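The structure appears below as structure tokens.
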Amino acid sequence: MDKAKMSRSWFKSLLVCVTLVSSQIGDNGALAKSNRRPNIVLILTDDLDIAMGGMTPLNKTKKLIGDAGISFTNAFVASPLCCPSRASILTGKYPHNHHVSNNTLEGNCSSVAWQKSQEAHTFPALLKNLASYQTFFAGKYLNQYGHTEAGGVEHVPLGWSYWVGLEKNSKYYNYTLSVNGKAQKHGADYSKDYLTDVLANASLNFLQSKSSSQPFFMMVSTPAPHSPWTAAPQYRDRFNTTKAPRDPNFNVHGKDKHWLIRQAKTPMSNSSVAFLDDAFKKRWRTLLSVDDLVEKIVSSLEARGELDNTYVFFTSDNGYHTGQFSLPLDKRQLYEFDIRVPLMVRGPNIKAGQSSQFLVANVDLGPTMLDLAGINVSKTEMDGASFLPVLVSRHLVATVEAFNDRRGFQEGKVNGSSWRSDILVEYEGEGRNVSDPACPLLGPGVSECFPDCVCEDSYNNTYACVRTVAPSANLQYCEFDDDEVFVEVYNLTGDPFQLSNIAKTIDQEVLEKMNHRLMMLQSCAGRTCRTPGVYDARFKFEPRRMFSGRTWKQSRLRQKIK
């Protein structure tokens, strides 16, 4: 049997078996035994956008992962905020099912309740417990990890064989790591304390010391390009002339948008523009060390002869904005720049140089990695779907289809008529019911305010969206849970910068269907989160399942995201 046939045979067994030792099905029907399962690496950045050119500094990463595999142009997050999004990655669930609403302990971020209800069911825990993977974590976990009220740094989340977790939020110097439950303090010496490099070195040490008899899962979660945007010394003078992109939605008034967007001052003050331009170049500088980290990990895998049996994923927990609709900078809004992220994957049987327009979300990462390990995703409580059939080479897709029922695939054939056509995005605004002393005229409930009283968030910046990507539609439908029950709708095909809210001009029937679909997704769990969307030929509109007597104008969100 030649090498090409052996590769196909081995991957067929990976796709169709849920046991740890699988049979290899050759093209001639002969059976041979194999127990090789793939290694998996997830590199997760913090606040890395794609809409604003965030991938531009990452030349090595694009070459080593994107060019060597597949890049997704329609990858989204379930929430545009760190902790809820990271919880969705780990659990494969939407925020209304994992109950992490914001970055605070009260919002269930790394709380005791999270630990008791979710940590045992994260995909790394399942990889470890059901498929005997060695699991390694290094970097930022959830924003409140290490809080004294949630076990401190002594708490090592379930599912990790080796743990190097950052206490609380992103930093580059002067931080504490939990190394398998023991505090390790770091100062401000670049040679031994710069966090991105520390994570790279910890990852290389794991690859050197791990067992060679078991597959491994490695998750490296960098601080970059999150604030405080501290670059390594050798990169501090890079991008000196770079400014934030002046796209059509830069420094323009969002007159037909939610009140929080409308309150932004247009044009922005000179000081705000100077601040965001400075932040933009600093963010890019921090990414150069991420690029080095990716190169070190891929080079180590190659030197050890393990790269050919390793899937490497690269993505971000959310996007970012710098000046769009006159908002200086943050990531808590419903627009593409905050919810669309990079996603690249390389690995066995992934054809190099691919670009996919299939709609994927970060709730799909866990199911896909479980699928790679041979774990039946349909027997978990995850809301996401495995996009493994999208990853593999075309000559293997038939194998996926042939064994759908046996493996629990819900997608069926991997084409536009059966792959999901929409995803859910949820966010619960933060803000106390008091006025900001610096901005009393804005009234109570605002937060994340800049000196010129432009605020990036508020307690009623609470919304849910259906993001649709289908052959006949590229739409976003959003409802706010506020007194206005404000609705925003965008046709991304004709309006990629989301300048015009078409909620008042779009066909009434479309609005009713999108409202119905939003309510369905807001109450979904597991398999029901993967039912056909409005622009799927299999979609069936059942108005009686909507709240009786309510039109789209009167509807509220299905529930508060708690």
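The values are calculated or read from the model by the stated rules, or taken from the named source; none is laboratory data. Everything numeric here is computed off the predicted structure, so don't read it as measured data. As a convention, Cβ positions derive from the backbone with ideal geometry for all residues, glycine included, and neighbour counts pool all protein chains shown. Only protein heavy atoms, including side chains, enter the accessible area calculation; ligands, DNA and RNA are left aside. Shrake-Rupley method; radii C 1.70, N 1.55, O 1.52, S 1.80 Å.
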Next item on the list: Determine how many Å³ per residue the convex hull of the Cα atoms of the stretch 245-306 encloses.
Entry: 132 Å³
Notebook entry, point to check: Which entries in 128/296; 93/540; 93/379; 128/379 show an alpha-carbon gap greater than 19 Å?
Noted result: 128/296; 93/540
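With every protein chain left in place, what is the accessible area per residue of the chain in square angstrom, probe 1.4 Å?
Working: 21370 Å² over 562 residues.
For the chain, the per-residue accessible area is 38 Å².
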Next item on the list: Using a 1.4 Å probe and ignoring any ligands, DNA or RNA, find the accessible area of residue 189 and quote it in Å² to the nearest 10.
Entry: 70 Å²
Notebook entry, point to check: Counting only Cα, what are the radius of gyration and maximum Cα-Cα distance Dmax of the chain, in Å?
Noted result: 23.0, 76
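Please sort 71-83, 260-272, 140-152, 433-445 by packing, taking for each peptide the average over its residues of neighbouring beta carbons within 10 angstrom, highest first. Let's see the in-between values first.
Numbers: 71-83: 24.5, 260-272: 17.1, 140-152: 20.3, 433-445: 12.8.
Ranked by mean Cβ neighbours within 10 Å, highest first: 71-83, 140-152, 260-272, 433-445.
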Margin query: Given the DSSP H assignment, sum -39500 (n - 2.57) over each helix run of at least 4 residues in the chain and divide by its residue total; what's the result at 222 nm in deg cm²/dmol, nearest 500?
Written below: -7500 deg cm²/dmol
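Counting only other residues whose beta carbon sits under 14 Å from that of residue 252, what net charge do I get with K and R as +1, D and E as -1?
Values: positive: 246, 255, 257, 262, 265; negative: 247, 256, 495.
Cβ neighbours under 14 Å give a net charge of +2.
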Item checked: Globularity ratio of the stretch 110-211, using Cα Rg and 2.2 N^0.38 Å -> 1.08
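Work out the length of the dipole vector of the stretch 81-232 about its Cα centre, built from +1 on the beta-carbon of each Lys and Arg and -1 on the beta-carbon of each Asp and Glu, and round it to the nearest 20 debye. Intermediate values should be presented prior to the final figure.
On the way: 11 positive and 8 negative charges, 45 e Å.
Computed about the Cα centre, the dipole is about 220 debye.
Among DSSP beta bridges whose residues both lie in the chain, state the antiparallel percentage, nearest 5. Please list the in-between numbers first.
Numbers: 44 of 71 bridges.
So the antiparallel bridges amount to about 60 percent of the total.
Which order do you get for 308, 67, 452, 483 if you rank them by accessible area with a 1.4 Å probe, largest at the top?
Working: 308 130, 67 95, 452 40, 483 155 Å².
Of 308, 67, 452, 483, the descending order of accessible area is 483, 308, 67, 452.
Give the carbon-plus-sulfur fraction of the accessible surface of the chain in %, rounded to a whole number; probe 1.4 Å, heavy atoms of protein chains only.
On the way: 10670 of 21370 Å².
The C+S portion of the solvent-accessible surface of the chain is 50 percent.
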Notebook entry, point to check: For the stretch 228-243 and the stretch 486-546, what is the separation of their C-alpha centers, rounded to whole Å?
Noted result: 42 Å
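What is the percent of Cα-Cα separations in the stretch 431-486 that go past 17 Å? Intermediate results must be reported in sequence, preceding the final value.
Values: 780 of 1540 pairs.
Every Cα pair in the stretch 431-486 considered, those over 17 Å come to 51 percent.
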